[in-house]
Amino acid sequence: AVADDVAVDHPLRTMLHEQWRMHPDISGVVSRVFYGGRLTNAPAVLQRTDPGPAVALLDTTSLSPLSEQTPAGSKINRAHARLIAELLAAPGMSDRSIAVITPYRAQVRLIRETVRARRPELLATERLEIFTVHRFQGRDKDIVLFDLTEAPGTRTTFLDDLKTPHAPNLINVAMSRARLRLVVIGAFDHL
């Protein structure tokens, strides 16, 4: 449910009121943006302590990323794929369960190829999953890297309400999969 939809409860929809998955900082963002501030944290969630920020926005504008349209109509962003492979190779990352989530299938393939070239052992475990937002529904991981992919080079379609009217729901799914840390990767000047 999107915040505008929350104002009028629908008789065939049940709203999640208490969450048990996300760090309180992550659920705070999700609650404000998607639940009109009505999502609360279970007592056990409030006890979580993990060093470092729970929510981070990683602006890739300084990397001059380009979004490219594939022949099948999907999109890729090579700069984001390289950055994600570097992040996954950082010390301590293999100790956590990690999801890389992106709106585009072609970007999923590119990220997998880039990670396979740098750290193939990461793909051999269940600790790392790389999927589209649609494929990741119902899962959760300690860390979520949410790659928006969009950048100069193509028109922004994923965040365009007219082209993708269900984008808010997909963004809600992607952001709410993280238990401890959410990193949103995007060319924010472009977005």
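Quick test of your reading of the structure: LEU122 fulfils all but one of (1) over 23 Å from LEU57 (Cβ atoms); (2) modelled with pLDDT under 95; (3) open to solvent by 30 Å² or more (accessible area, probe 1.4 Å). Name the failing condition by number.
Looking at each condition in turn, LEU122 falls short on (3).
Counting only residues that are in a loop (DSSP other than H, G, I, E, B) and within 17 Å of LEU88 (Cβ to Cβ), which one in segment 138-191 is most open to solvent (accessible area, probe 1.4 Å)?
Selected residue: ARG177.
Can you find a residue that is within 17 Å of the chain's Cα centre (by Cα) and of a type in the set (D, E, K, R) anywhere in segment 131-139?
Yes, segment 131-139 contains a residue that is within 17 Å of the chain's Cα centre (by Cα) and of a type in the set (D, E, K, R).
One line per residue, one yes/no per condition, for (1) closer than 30 Å to THR156 by Cα; (2) modelled with pLDDT of 90 or more; (3) outside any loop (DSSP other than H, G, I, E, B):
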position	(1), (2), (3)
MET22	yes, yes, no
VAL30	yes, yes, yes
VAL45	no, no, yes
ASP50	no, no, no
ALA56	yes, yes, yes
SER62	yes, yes, yes
GLY73	yes, yes, no
ALA81	yes, yes, yes
ILE84	yes, yes, yes
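Evaluate the following for ALA151: is it small (Gly, Ala, Ser) and touching a Pro at 6+ places or on another chain (Cβ under 7 Å)?
Yes.
Filter segment 88-105 down to the residues that are within 16 Å of the chain's Cα centre (by Cα) and in a helix (DSSP H, G or I), then identify the one that is nearest to PHE136 (Cα to Cα).
Of everything passing the filter in segment 88-105, ARG105 is nearest to PHE136 (Cα to Cα).
Just to be sure I understand, how many residues within segment 32-48 are touching a strand residue (DSSP E or B) at 6+ places or on another chain (Cβ under 8 Å) and open to solvent by less than 50 Å² (accessible area, probe 1.4 Å)?
4
For segment 102-114, check the following and say yes or no: at least one residue is open to solvent by less than 10 Å² (accessible area, probe 1.4 Å), closer than 24 Å to PRO53 by Cα, at pLDDT below 95 and of a type in the set (Val, Ile, Thr).
Within segment 102-114, none of the residues are open to solvent by less than 10 Å² (accessible area, probe 1.4 Å), closer than 24 Å to PRO53 by Cα, at pLDDT below 95 and of a type in the set (Val, Ile, Thr).
Within segment 125-137, how many residues turn out to be outside any helix (DSSP H, G or I) and either surrounded by fewer than 20 Cβ atoms within 10 Å (Cβ to Cβ) or not hydrophobic (A, V, I, L, M, F, W, C) (or both)? Steps first, answer last, please.
Step one: filter segment 125-137 for residues outside any helix (DSSP H, G or I), giving 125-133, 137.
Right, trim to either surrounded by fewer than 20 Cβ atoms within 10 Å (Cβ to Cβ) or not hydrophobic (A, V, I, L, M, F, W, C) (or both) and you get 125-127, 129, 131-132, 137.
The number of residues fulfilling the criteria is 7.
Working only within segment 51-82, note down all residues that are in contact with an Asp or Glu (Cβ under 9 Å, 6 or more places away or on another chain), open to solvent by 40 Å² or more (accessible area, probe 1.4 Å) and farther than 9 Å from ALA187 by Cβ.
Scanning segment 51-82 gives PRO53, VAL55, ARG78.
The values are calculated or read from the model by the stated rules, or taken from the named source; none is laboratory data. Note that the structure is a prediction, hence the values are computed from the model and not measured. Here the Cβ is made from the backbone with ideal geometry for all residues, glycine too, and neighbour counts use every protein chain on show. With ligands, DNA and RNA removed, areas are computed over all heavy atoms of the protein, side chains included. Shrake-Rupley method; radii C 1.70, N 1.55, O 1.52, S 1.80 Å.
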